[in-house]
Amino acid sequence: MKIHEYQARELFVKFGIPTPEAILVRNPDEASRAFERLQRDHGCKLAVVKAQVHAGGRGKGGGVKLVRSADDARHAAAEILAKPLVTPQTGPEGVHVSRLLVAAGVNIAHEYYLALTIDRNRRGIVLIASAQGGMDIEEVAASNPDAIVRELINPSIGLRPFQARKVAYRLGFKGQQVRAAGKVIHQLCDLFIQTDASLVEINPLVVTTPTEEHPDGRVLAIDAKITFDENAMFRHPDLQELADPAEEEPLETRANQYGLSYIKLDGNIGCLVNGAGLAMATMDIIKLHGGEPANFLDVGGSASEEAVTEAFRIILADANVKAVLVNIFGGIAKCDTIARAIIHAAKEVGFKVPLVVRLEGTNVEPARKLLEDAQSSIPSLQPARDLTDAARKVTESIGVAPVAHT
């Protein structure tokens, strides 16, 4: 579960991680007044107007603007709110912006990257840091892997003080910065563990230019990103309230209500599969035969007729879908149950696009007989012998030329 930057900042403050003052606004006039307030109360001479959306790369898409006056803040807010924000993570259609954060600007001496996530291979929490912050960490890792610092954390013990100091020194912090950075790292780890997060990220963590009051500069988090483990949210009703349904794909939200794992993609072949691994293999073989999957959809091992019917409704609600591939390996969810669900869905939903069905496993023969008998009433239905046959049929049904494989 993702949350907005302004919400993540509030959690940072709660856990003692220093961040610049910021005000949430919804229109250009509020942005102007927010700048005036930051200027009056905190002596700010510059501020940053930031779009609040669940997507990275906001700066590249024009969703982050530096302003030096109330009028600048008003104009920047109007510009960001006027059109969808397109970033490398939103796709060409972009996302609607309805909220902005006006944050106090700071004079930056150096930028760092700091994050915590799960290392599933090593079965622990991994701290990832770099002295090259403010950039795409993927690019840094690819071009200069030695610039990435990694520290494994035992979730049962948490971050040890010496680990925080070690990371701070390796990043090049000096003097009082080491203590301040170590505290931020420690508090970030506490936040990660106590909220059951799957990702906590600061990019950038900065050291400000020295002043008389802070001769070594201040260590501040000027951006905040948090994603929570949805499987643990039953322990955190307060965090569940931070979810913003408007930022979620409507079909994905609808699928969650029926216990379906659905992710919308950019292709035109809908997929209905039981099992995440089989779903991935199904998408791979569609691409191998020249097609593009429109979604990932795992109906689970014990899918009911109602859930399968809703799954078809969700798939067919995507206007880009030109054909559907059903790939079921019957186990707990028996093949004949799925076959009856397909027939029921055909009556309830209707199939106006080609429907290719591959069934294998428990009760497969009765299931095939059910589908064979139903073909006269479901003219778009095409049974498949195996997965390769299914992929070939579904791609050819939408005009994709057969792909030769050696």
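The values are calculated or read from the model by the stated rules, or taken from the named source; none is laboratory data. Every value quoted in this text rests on a predicted model; they were computed, and no experiment measured them. So basically every Cβ, Gly included, is an ideal-geometry build from the backbone, and we count neighbours across all protein chains shown. The protein model used for the area step is the full one, side chains on, heavy atoms only, and it has no ligands, DNA or RNA in it. Shrake-Rupley method; radii C 1.70, N 1.55, O 1.52, S 1.80 Å.
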Inspect all residues belonging to region 64-80 and state whether any of them is open to solvent by less than 10 Å² (accessible area, probe 1.4 Å) and part of a loop (DSSP other than H, G, I, E, B). no
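Give the residue that is surrounded by the fewest Cβ atoms within 10 Å (Cβ to Cβ), with candidates limited to residues of region 285-310 that are of a type in the set (S, T, N, Q) and in a loop (DSSP other than H, G, I, E, B).
Top of the filtered list is 302.
Wholly within region 107-221, which strands (runs of 3 or more DSSP E) include no fewer than the required count, namely at least 3 residues that are in contact (Cβ under 8 Å) with a residue 60 or more places away in the chain?
Ranges flagged: 108-119, 197-208, 219-221.
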Residue satisfying all of: in region 28-43; small (Gly, Ala, Ser) and assigned to a helix (DSSP H, G or I); farthest from residue 77 (Cα to Cα) among these: 34
Being touching a residue at least 40 places away in the same chain (Cβ under 8 Å) and farther than 21 Å from residue 281 by Cβ narrows 324, 349 down to just 349
Scanning region 187-217 for residues that are within 20 Å of residue 131 (Cβ to Cβ) and touching a Pro at 6+ places or on another chain (Cβ under 7 Å), the one surrounded by the fewest Cβ atoms within 10 Å (Cβ to Cβ) turns out to be 216
As an exercise: evaluate residue 244 against (1) out of contact with any Cys (no Cβ under 8 Å at 6 or more places or on another chain); (2) modelled with pLDDT of 85 or more; (3) open to solvent by 10 Å² or more (accessible area, probe 1.4 Å) and give the number of the one condition it does not meet. (2)
From 328, 332, 285, 378, which residue is at pLDDT 90 or above, hydrophobic (A, V, I, L, M, F, W, C) and farther than 21 Å from residue 254 by Cβ? 285
With criteria (1) part of a helix (DSSP H, G or I); (2) open to solvent by 10 Å² or more (accessible area, probe 1.4 Å), residue 55 comes up short on (1)
Flag if residue 87 is in contact (Cβ under 8 Å) with a residue 60 or more places away in the chain and either part of a strand (DSSP E or B) or open to solvent by less than 70 Å² (accessible area, probe 1.4 Å) (or both): no
Does region 240-279 hold any residues that are among the basic types (Lys, Arg), in a helix (DSSP H, G or I) and under 13 Å from the mean Cα position of the chain (by Cα), and which are they? none
Matching residues in region 354-370 - criterion: being touching a residue at least 40 places away in the same chain (Cβ under 8 Å) and either farther than 15 Å from residue 328 by Cβ or open to solvent by 20 Å² or more (accessible area, probe 1.4 Å) (or both): 354
Look through 40, 120 and report the one residue that is at pLDDT below 90 and farther than 20 Å from residue 136 by Cα. 120
Taking region 311-336 and keeping residues under 21 Å from residue 350 (Cβ atoms) and part of a loop (DSSP other than H, G, I, E, B) leaves 317, 318, 319, 320, 321, 322
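Would you confirm, using the coordinates I've provided, whether residue 282 is crowded, with 16+ Cβ neighbours inside 10 Å, in contact with a His (Cβ under 7 Å, 6 or more places away or on another chain) and part of a helix (DSSP H, G or I)?
no
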Mind checking whether some residue in region 371-389 is hydroxyl-bearing (Ser, Thr, Tyr), free of Cβ contacts under 8 Å to residues at least 12 places away in the same chain, over 23 Å from residue 329 (Cα atoms) and open to solvent by 70 Å² or more (accessible area, probe 1.4 Å)? yes
Before we move on, is residue 229 of a type outside the set (Val, Ile, Thr) and modelled with pLDDT under 90? no
